[in-house]
Amino acid sequence: MRTKVLTSPLVSLALVAGLACASLATAGTSFAASSAGAPKAATTSASGATTQAVVNLGLDRRQAKAVQQWLAGHHGYKGAIDGYLGTGSWKAFQRHLKAHGYNGDIDGIVGSGTIKALQRKLRHSNWNYKGDIDGVAGAGTKAAFERLAQGLLCEPCTTS
């Protein structure tokens, strides 16, 4: 009888603690904001898989829309022109970056390989990137990416 009295509260406490931990873990992956104010991670499904991350690398929505329009015209982007560079935008950009040394998967994930290829493009395509090809999207990379986007706003979509 004494074991049953102690076991019931312990099981209840373990159940509550487990639910609280699961809720915190899900909340951490479900909500975040980028530096440009865009949503970072959209949702977490019942299976635990996260969907589309937005990585604008410092671009505002107007600049990101210009990049998406260019990607739609030249690199097979079929998504919305909404100013949020998500997985679809980055898949199209990765297809473009193949000419600049990107040899990773066309997966829309903005990892160090994607950033290195972007840095090479920004250095060799007159966007005045002077930093290291290190795969880190620092201030210099973001500033050069913004110059690229501004160039797309000012010119017809002929940027290579």
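May I ask you to evaluate 6.51 cos²θ - 1.76 cosθ + 1.60, the Karplus curve with θ = phi - 60°, for each residue of segment 88-99 and list the ³J(HN,Hα) values in order in whole Hz, giving x for glycine and proline?
x, 4, 6, 4, 5, 5, 4, 4, 5, 5, 3, 6
For segment 88-160, which whole percent of the accessible surface, found with a 1.4 angstrom probe, sits on carbon and sulfur atoms?
49
Output the peptides 61-67, 115-121 sorted from most to least packed, where packing is the average of other Cβ atoms within 10 Å over each peptide's residues.
Those peptides, ordered most packed to least, come out 115-121, 61-67.
With every protein chain present, what is the per residue accessible area of segment 78-160 (1.4 Å probe, Å²)? Don't skip to the answer; put the middle values down first.
Details: 4080 Å² over 83 residues.
About 49 Å² of surface per residue is accessible.
Which entries of Lys65/Lys142; Lys78/Lys142; Lys98/Lys121; Lys121/Lys142; Lys116/Lys142; Lys91/Lys116 have Cα-Cα distances beyond 18 Å here?
Values: Lys65/Lys142 16 Å; Lys78/Lys142 24 Å; Lys98/Lys121 10 Å; Lys121/Lys142 13 Å; Lys116/Lys142 12 Å; Lys91/Lys116 15 Å.
From the list (Lys65/Lys142; Lys78/Lys142; Lys98/Lys121; Lys121/Lys142; Lys116/Lys142; Lys91/Lys116), the Cα-Cα distance tops 18 Å for Lys78/Lys142.
The values are calculated or read from the model by the stated rules, or taken from the named source; none is laboratory data. Keep in mind that what you see is a predicted model, and the values were worked out from it rather than measured. All Cβ positions, even for glycine, are placed from backbone atoms using ideal geometry, and neighbour counts span all protein chains on display. These accessible areas exclude ligands, DNA and RNA; they are computed on the full protein's heavy atoms, side chains included. Shrake-Rupley method; radii C 1.70, N 1.55, O 1.52, S 1.80 Å.
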